[in-house]
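Just below is one structure, and these are the notes that go with it.
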Amino acid sequence: MTQSALFQPLRIGRLELSHRVVMAPLTRMRAGPGMVPRDIAVEYYRQRATPGGLIVAEASQVMPTGQGYPQTPGIHTAEQIAGWKRVTDAVHEAGGHIFLQLWHVGRISHSSYHGETPVAPSAVAAAGDHFTASWKLEPFQTPRALELEDIAAIVEAYRTGARNALAAGFDGVEIHGANGYLIEQFLQSRSNRRQDIYGGSIANRTRFLLDVTRAVVEEAGADRVAVRLSPFGTTNDSGEDDPLPLYRHAIAALSGFQLAYLHLIEPRIAGTGKADVLNESAPSAAELFRDSWPGVLIAAGGYEGASAQEELGKGLADAIAFGRPFIANPDLVERIRLGAPLNPWDRPTFYGGDAKGYTDYPTLETLNAAA
């Protein structure tokens, strides 16, 4: 591909993108009462929408027990659907496209959110501390192991979440199978000690991911469904000793659904926003799994304009998702196009709060006007 690779059109499912700079899903913890997106969320996404561009909106819990952080939005009530509809309307008015990431955190939760013990494949607590609903740091609780009927109910919650997302005007949904949350807890042997059809062998540990994907595809259509994975991630006490056999199996199985895209988090970035950790010597997930995935592949993790161009030029990915640069640069697409300098991000304002660090970052236009 040429140096303008990021600005070539790309077909993703039913959508025709005008460029390949994708906004990654970014947890910001600014939902209002009832976990409903607020007015500032409408402005935040509107600012970052571009004609023919794709935004993947922040992870949203498909049921109350799926919540694991303060003030994260949901997609399981009429009020949440209405709140998200205002966001999708704003993005569409700007000519953009938007998917919603569907989420259940599993053991990365706390009883303060929903009055119940967190659930997981097995009764294995994650190591470390986590925020309660009142923003207090406490050790992770030991989860309750899910019964088979519980698993079936969660699969149906994902199905309903997809239906609700479409009712809210989203162009599609991305299933969150990364970063140590419920789907990845089923995938990985360190968190899945089950002895039934959902545990033990790689095929069994992949079953929940495939059940969820099948339900969501049945509801929304394969061309409006995507999956995000982090094969080498260690977030939230995740990580497989040898991830290659597991994720090659999972990705090959997902390929049979003919999804809109597969979204891989590159292992050179560690954590979920708590610190800037860049490991350039880490393996390339896109390179390792490209041959296992025949469809559109989106790579994410520490990319800049030049490195994104290089990745596309090698044919390792079809589009690049940017996270933190999009937080600080509402006009990131134009800045990359022009090779313009980027605003630095303000890490203390990543999570919680109001407009500061959310909708107040300047664009090139406002900077030039003030000069």
Which Cα, out of TYR69, ALA5, ALA24, lies furthest along the positive dipole direction of segment 1-125 (beta carbon charges, K/R +1, D/E -1)? ALA5
Measuring from the longest principal axis of the C-alpha atoms of the chain, the long axis of helix 78-93 (C-alpha) lies at a number of degrees, nearest 10, equal to 30 degrees
Between helix 243-255 and the chain: long-axis angle, C-alpha atoms, 0 to 90°, nearest 10: 80 degrees
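By DSSP, what percent of the beta bridges with both residues in the chain are antiparallel, rounded to the nearest 5? Could the numbers behind the result be given before it?
On the way: 7 of 40 bridges.
Antiparallel: roughly 20 percent of the beta bridges in the chain.
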Value of Rg to Rh for the chain (Rh from inverse mean 1/r over Cα pairs, i.e. Kirkwood): 0.94
Using alpha carbon centers only, segment 1-79 is separated from segment 347-369 by a whole-angstrom value of 17 Å
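In whole percent, how big is the carbon plus sulfur part of the accessible area of the chain, probe 1.4 Å, protein atoms only?
Working: 7420 of 14080 Å².
With neighbouring chains kept in place, the figure for the chain is 53 percent.
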When the charge dipole of segment 144-220 is computed with +1 on Lys and Arg Cβ and -1 on Asp and Glu Cβ about the Cα centre, the Cα farthest towards its positive end, among GLY200, VAL173, ALA162, belongs to GLY200
Gain in span if fully extended, LYS136 to ALA328, counting 0.36 nm per residue against the direct Cα distance: 66.5 nm
Taking Cα atoms, the helix 202-220 axis meets the longest principal axis of the chain at an angle in degrees (rounded to 10) of 60 degrees
Modelled label-to-label distance, LEU367 and GLN8, 7 Å Cα→beta-carbon offset: nm? 2.9 nm
Over the chain, with the other protein chains present, what is the accessible area per residue in square angstrom, probe 1.4 angstrom? 38 Å²
Using the Cα centre as the reference, give the magnitude of the dipole from point charges on the C-beta atoms of the chain (Lys, Arg: +1; Asp, Glu: -1; all else neutral), rounded to the nearest 20 debye. 80 debye
By the mean-Cβ-within-10 Å protection proxy, highest first, 52-63, 87-98 rank as 52-63, 87-98
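The values are calculated or read from the model by the stated rules, or taken from the named source; none is laboratory data. Just so you know, these numbers come straight off a predicted model, no measurement behind them. We place every Cβ from the backbone using ideal geometry, glycine too, and count neighbours over all the protein chains shown. Just so you know, the surface numbers come from the protein's heavy atoms only, side chains and all, with ligands and any DNA or RNA stripped out. Shrake-Rupley method; radii C 1.70, N 1.55, O 1.52, S 1.80 Å.
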